[in-house]
Amino acid sequence: MSSSISDRLATIRPSLPASVRLIAVSKQVPTELMREAYTAGIRDFGENRIQEAASKQAELQDLPDITWHFIGNLQSNKAKKALELFDWIHSVDHLHLAQRLNTLALQLGVNPQICLQVKILPDPNKAGWTVPELLADLQALDQCKNLQIQGLMTIPPFGLNEGEIFNVFDQTRKLAQEIAKKHLQHLQMHQLSMGMSGDYHIAVQAGTTMVRLGTIIFGKRG
Ligand SMILES: *Cc1c(COP(=O)(O)O)cnc(C)c1O
(Lines give C-alpha, C1' and ligand atoms only; values in the text may rest on other atoms or scores of the structure.)
Protein backbone atom coordinates (compact mmCIF):
# COMPACT_ATOMS: atom_id res chain seq x y z
CA MET A 1 0.00 0.00 0.00
CA SER A 2 1.47 3.33 -0.98
CA SER A 3 -1.14 5.61 0.56
CA SER A 4 -0.54 7.17 3.96
CA ILE A 5 -2.27 6.19 7.19
CA SER A 6 -4.29 9.38 7.12
CA ASP A 7 -5.40 8.65 3.50
CA ARG A 8 -6.49 5.17 4.52
CA LEU A 9 -8.39 6.48 7.52
CA ALA A 10 -10.08 9.04 5.30
CA THR A 11 -11.30 6.16 3.14
CA ILE A 12 -12.47 4.00 6.06
CA ARG A 13 -14.24 6.63 8.17
CA PRO A 14 -17.10 7.41 5.76
CA SER A 15 -18.06 3.71 5.81
CA LEU A 16 -18.52 3.79 9.59
CA PRO A 17 -21.62 5.27 11.21
CA ALA A 18 -20.68 8.05 13.63
CA SER A 19 -21.74 5.84 16.54
CA VAL A 20 -19.18 3.12 15.70
CA ARG A 21 -15.92 3.34 17.61
CA LEU A 22 -12.84 2.71 15.50
CA ILE A 23 -10.09 0.87 17.36
CA ALA A 24 -6.78 0.89 15.52
CA VAL A 25 -5.15 -2.49 16.11
CA SER A 26 -1.47 -1.65 16.42
CA LYS A 27 -0.01 -5.05 17.33
CA GLN A 28 3.42 -5.45 15.66
CA VAL A 29 3.18 -1.86 14.42
CA PRO A 30 6.04 0.50 15.39
CA THR A 31 5.19 3.54 17.48
CA GLU A 32 6.13 5.94 14.65
CA LEU A 33 3.16 4.65 12.69
CA MET A 34 0.95 4.84 15.77
CA ARG A 35 1.92 8.51 16.07
CA GLU A 36 0.83 9.00 12.48
CA ALA A 37 -2.53 7.44 13.29
CA TYR A 38 -2.79 9.62 16.38
CA THR A 39 -2.13 12.72 14.31
CA ALA A 40 -4.90 11.56 11.97
CA GLY A 41 -7.28 11.51 14.94
CA ILE A 42 -7.05 7.97 16.32
CA ARG A 43 -7.38 7.82 20.13
CA ASP A 44 -8.21 4.12 20.54
CA PHE A 45 -5.44 1.56 20.08
CA GLY A 46 -5.76 -2.23 20.35
CA GLU A 47 -2.91 -4.52 21.40
CA ASN A 48 -2.71 -8.26 22.01
CA ARG A 49 0.55 -8.65 23.93
CA ILE A 50 1.14 -7.26 27.40
CA GLN A 51 4.88 -6.73 27.08
CA GLU A 52 4.62 -5.04 23.70
CA ALA A 53 1.90 -2.73 24.99
CA ALA A 54 3.95 -1.82 28.07
CA SER A 55 6.94 -0.66 26.03
CA LYS A 56 4.78 1.20 23.50
CA GLN A 57 2.93 2.99 26.27
CA ALA A 58 6.27 4.09 27.70
CA GLU A 59 7.32 5.40 24.28
CA LEU A 60 4.01 7.21 23.78
CA GLN A 61 3.78 8.78 27.23
CA ASP A 62 3.56 12.23 25.65
CA LEU A 63 0.18 11.26 24.13
CA PRO A 64 -1.91 11.10 27.29
CA ASP A 65 -5.41 10.83 25.88
CA ILE A 66 -5.13 7.36 24.32
CA THR A 67 -7.62 4.67 25.31
CA TRP A 68 -5.90 1.28 25.32
CA HIS A 69 -7.82 -1.85 24.36
CA PHE A 70 -6.59 -5.36 25.06
CA ILE A 71 -7.83 -7.74 22.36
CA GLY A 72 -5.65 -10.83 22.81
CA ASN A 73 -5.70 -14.05 24.73
CA LEU A 74 -5.22 -13.12 28.39
CA GLN A 75 -3.57 -15.59 30.74
CA SER A 76 -4.50 -15.32 34.38
CA ASN A 77 -0.93 -14.61 35.44
CA LYS A 78 -0.94 -11.49 33.22
CA ALA A 79 -4.31 -10.25 34.44
CA LYS A 80 -2.90 -7.74 36.91
CA LYS A 81 -0.56 -6.24 34.34
CA ALA A 82 -3.44 -6.04 31.84
CA LEU A 83 -5.49 -4.03 34.33
CA GLU A 84 -2.60 -1.67 34.90
CA LEU A 85 -2.10 -1.05 31.19
CA PHE A 86 -5.55 -1.21 29.59
CA ASP A 87 -8.84 0.67 29.88
CA TRP A 88 -10.76 -1.99 27.97
CA ILE A 89 -10.40 -5.76 27.79
CA HIS A 90 -12.38 -7.14 24.83
CA SER A 91 -11.33 -10.73 25.18
CA VAL A 92 -12.53 -11.96 28.56
CA ASP A 93 -13.28 -15.55 27.62
CA HIS A 94 -14.19 -17.53 30.73
CA LEU A 95 -15.70 -17.05 34.16
CA HIS A 96 -12.51 -17.69 36.13
CA LEU A 97 -10.72 -14.95 34.26
CA ALA A 98 -13.59 -12.53 34.87
CA GLN A 99 -13.59 -13.36 38.58
CA ARG A 100 -9.82 -12.99 38.81
CA LEU A 101 -10.00 -9.60 37.05
CA ASN A 102 -12.78 -8.58 39.41
CA THR A 103 -10.70 -9.38 42.50
CA LEU A 104 -7.63 -7.65 41.11
CA ALA A 105 -9.64 -4.61 40.00
CA LEU A 106 -10.78 -4.11 43.58
CA GLN A 107 -7.20 -4.36 44.85
CA LEU A 108 -5.93 -1.94 42.23
CA GLY A 109 -8.86 0.46 42.55
CA VAL A 110 -9.77 0.30 38.85
CA ASN A 111 -13.05 -0.41 37.06
CA PRO A 112 -12.12 -1.79 33.65
CA GLN A 113 -14.48 -1.88 30.69
CA ILE A 114 -15.05 -5.46 29.62
CA CYS A 115 -16.46 -7.38 26.67
CA LEU A 116 -17.30 -11.05 26.95
CA GLN A 117 -15.94 -13.09 24.04
CA VAL A 118 -18.47 -15.49 22.59
CA LYS A 119 -18.39 -18.23 19.98
CA ILE A 120 -21.60 -18.37 18.01
CA LEU A 121 -20.29 -21.30 15.93
CA PRO A 122 -17.97 -24.06 17.13
CA ASP A 123 -14.35 -23.00 16.61
CA PRO A 124 -11.56 -25.09 18.14
CA ASN A 125 -9.03 -22.34 17.31
CA LYS A 126 -10.69 -19.68 19.41
CA ALA A 127 -11.37 -18.97 23.03
CA GLY A 128 -14.70 -17.77 24.32
CA TRP A 129 -18.01 -18.85 25.78
CA THR A 130 -20.44 -20.89 23.73
CA VAL A 131 -23.95 -19.47 23.98
CA PRO A 132 -25.22 -22.02 26.54
CA GLU A 133 -22.05 -21.63 28.61
CA LEU A 134 -22.43 -17.87 28.68
CA LEU A 135 -26.11 -18.03 29.64
CA ALA A 136 -25.19 -20.37 32.49
CA ASP A 137 -22.52 -17.96 33.78
CA LEU A 138 -24.54 -14.73 33.65
CA GLN A 139 -25.51 -14.65 37.31
CA ALA A 140 -21.92 -15.17 38.39
CA LEU A 141 -20.70 -12.53 35.94
CA ASP A 142 -23.27 -10.10 37.29
CA GLN A 143 -21.56 -10.47 40.67
CA CYS A 144 -18.30 -9.10 39.27
CA LYS A 145 -19.13 -5.61 40.49
CA ASN A 146 -15.71 -4.12 39.91
CA LEU A 147 -15.89 -4.87 36.20
CA GLN A 148 -17.92 -2.69 33.87
CA ILE A 149 -19.20 -5.44 31.62
CA GLN A 150 -20.32 -3.55 28.51
CA GLY A 151 -21.20 -6.16 25.93
CA LEU A 152 -20.02 -8.97 23.68
CA MET A 153 -17.06 -9.55 21.41
CA THR A 154 -16.85 -12.14 18.67
CA ILE A 155 -14.56 -13.30 15.86
CA PRO A 156 -16.19 -15.48 13.18
CA PRO A 157 -14.45 -18.76 12.34
CA PHE A 158 -12.10 -18.61 9.39
CA GLY A 159 -13.44 -19.46 5.94
CA LEU A 160 -17.10 -18.39 6.16
CA ASN A 161 -18.83 -16.62 3.28
CA GLU A 162 -20.31 -13.14 3.70
CA GLY A 163 -23.79 -14.37 4.50
CA GLU A 164 -22.47 -16.75 7.15
CA ILE A 165 -20.33 -13.99 8.68
CA PHE A 166 -23.37 -11.71 8.77
CA ASN A 167 -25.29 -14.42 10.61
CA VAL A 168 -22.55 -14.75 13.23
CA PHE A 169 -22.58 -10.99 13.87
CA ASP A 170 -26.36 -10.79 13.78
CA GLN A 171 -26.73 -13.64 16.24
CA THR A 172 -24.20 -11.99 18.53
CA ARG A 173 -26.28 -8.80 18.48
CA LYS A 174 -29.44 -10.81 19.22
CA LEU A 175 -27.69 -12.62 22.07
CA ALA A 176 -26.74 -9.27 23.60
CA GLN A 177 -30.38 -8.18 23.33
CA GLU A 178 -31.56 -11.40 24.91
CA ILE A 179 -29.14 -10.94 27.81
CA ALA A 180 -30.16 -7.29 28.23
CA LYS A 181 -33.79 -8.40 28.63
CA LYS A 182 -32.86 -10.39 31.71
CA HIS A 183 -32.31 -7.09 33.55
CA LEU A 184 -29.31 -8.22 35.48
CA GLN A 185 -28.39 -5.55 37.99
CA HIS A 186 -24.90 -4.81 36.95
CA LEU A 187 -24.18 -6.32 33.55
CA GLN A 188 -24.64 -4.01 30.54
CA MET A 189 -25.06 -5.10 26.93
CA HIS A 190 -24.70 -1.85 24.95
CA GLN A 191 -21.48 -2.67 23.12
CA LEU A 192 -20.62 -5.12 20.36
CA SER A 193 -16.96 -5.53 19.49
CA MET A 194 -17.23 -7.12 16.04
CA GLY A 195 -15.45 -6.55 12.75
CA MET A 196 -11.84 -6.64 11.55
CA SER A 197 -10.27 -5.42 8.29
CA GLY A 198 -11.80 -8.17 6.17
CA ASP A 199 -15.31 -8.17 7.58
CA TYR A 200 -15.99 -4.85 9.28
CA HIS A 201 -18.38 -3.76 6.52
CA ILE A 202 -20.50 -6.81 7.37
CA ALA A 203 -20.26 -6.06 11.10
CA VAL A 204 -21.50 -2.52 10.43
CA GLN A 205 -24.53 -3.93 8.60
CA ALA A 206 -25.19 -6.18 11.58
CA GLY A 207 -25.10 -3.25 14.02
CA THR A 208 -21.66 -3.41 15.59
CA THR A 209 -20.59 -0.58 17.91
CA MET A 210 -16.80 -1.13 17.87
CA VAL A 211 -14.59 -2.31 15.00
CA ARG A 212 -11.02 -3.52 15.50
CA LEU A 213 -9.01 -2.63 12.40
CA GLY A 214 -5.33 -3.39 11.88
CA THR A 215 -4.16 -4.26 8.37
CA ILE A 216 -6.47 -1.88 6.57
CA ILE A 217 -5.01 1.06 8.53
CA PHE A 218 -1.36 0.10 9.01
CA GLY A 219 -0.72 -2.31 6.14
CA LYS A 220 0.34 -5.92 6.36
CA ARG A 221 2.08 -6.94 9.60
CA GLY A 222 5.47 -8.61 9.89
C1 LIG B 1 -5.24 -8.75 14.87
C2 LIG B 1 -6.61 -8.59 15.37
C3 LIG B 1 -7.48 -7.66 14.79
C4 LIG B 1 -7.13 -6.84 13.58
O5 LIG B 1 -7.05 -7.66 12.45
P6 LIG B 1 -6.92 -7.06 10.98
O7 LIG B 1 -7.38 -8.17 10.11
O8 LIG B 1 -5.48 -6.73 10.78
O9 LIG B 1 -7.79 -5.86 10.91
C10 LIG B 1 -8.75 -7.51 15.36
N11 LIG B 1 -9.14 -8.24 16.42
C12 LIG B 1 -8.32 -9.13 17.00
C13 LIG B 1 -8.82 -9.91 18.17
C14 LIG B 1 -7.05 -9.34 16.49
O15 LIG B 1 -6.25 -10.26 17.06
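Looking at the stretch 1-92, the strands (runs of 3 or more DSSP E) lying wholly inside it that each contain 1 or more residues that are touching a Pro at 6+ places or on another chain (Cβ under 8 Å), buried (at least 16 other Cβ atoms within 10 Å of the Cβ) and not acidic (Asp, Glu) sit at 88-92.
Take the residues of the stretch 179-201 that are of a type in the set (A, V, I, L, M, F, W, C) and under 20 Å from SER15 (Cα atoms): which is nearest to the ligand (Cβ to nearest atom)?
Only one residue tops the list, namely MET196.
Scanning the stretch 202-222 for residues that are more than 9 Å from the ligand (Cβ to nearest atom), more than 11 Å from the chain's Cα centre (by Cα) and among the polar types (S, T, N, Q) yields GLN205, THR208. If you check THR67 against the conditions, is it away from the ligand (no atom under 16 Å from the Cβ) and of a type in the set (Ser, Thr, Tyr)? For THR67, the condition - away from the ligand (no atom under 16 Å from the Cβ) and of a type in the set (Ser, Thr, Tyr) - is not met. Across the stretch 19-43, the number of residues qualifying as away from the ligand (no atom under 16 Å from the Cβ), of a type in the set (A, V, I, L, M) and either without any contact (Cβ under 8 Å) to a residue 12 or more places away in the chain or more than 18 Å from PRO64 (Cβ to Cβ) (or both) comes to 0.
Looking only at the stretch 93-110, which residues are within 14 Å of the ligand (Cβ to nearest atom) and assigned to a helix (DSSP H, G or I)? Residues satisfying the conditions do not exist here. The numbered conditions (1) out of contact with any Phe, Trp or Tyr (no Cβ under 9 Å at 6 or more places or on another chain); (2) more than 11 Å from the ligand (Cβ to nearest atom); (3) touching a residue at least 40 places away in the same chain (Cβ under 8 Å) are all true for GLN150 except (1).
Filtering ALA176, ALA140 for residues that are more than 15 Å from the ligand (Cβ to nearest atom), at pLDDT 95 or above, surrounded by fewer than 18 Cβ atoms within 10 Å (Cβ to Cβ) and not β-branched (Val, Ile, Thr) leaves a single hit, ALA140. Within the stretch 13-41, the set of residues being within 17 Å of SER193 (Cα to Cα) and of a type in the set (Val, Ile, Thr) comprises VAL20, ILE23, VAL25.
Screening LYS119, LYS126 for residues that are over 13 Å from the mean Cα position of the chain (by Cα), within 16 Å of the ligand (Cβ to nearest atom) and surrounded by 20 or more Cβ atoms within 10 Å (Cβ to Cβ) leaves exactly one candidate, LYS119. Restricting ALA37, ALA136 to those that are within 26 Å of LEU9 (Cβ to Cβ) and hydrophobic (A, V, I, L, M, F, W, C) reduces the list to ALA37. Looking across VAL204, VAL168, one residue alone is farther than 18 Å from VAL92 by Cβ and buried (at least 20 other Cβ atoms within 10 Å of the Cβ). It is VAL168.
The values are calculated or read from the model by the stated rules, or taken from the named source; none is laboratory data. Bear in mind that the values here come from a model prediction, so they are computed numbers and not experimental data. Every residue, glycine among them, receives a Cβ derived from its backbone with ideal geometry; neighbour counts consider all protein chains shown.
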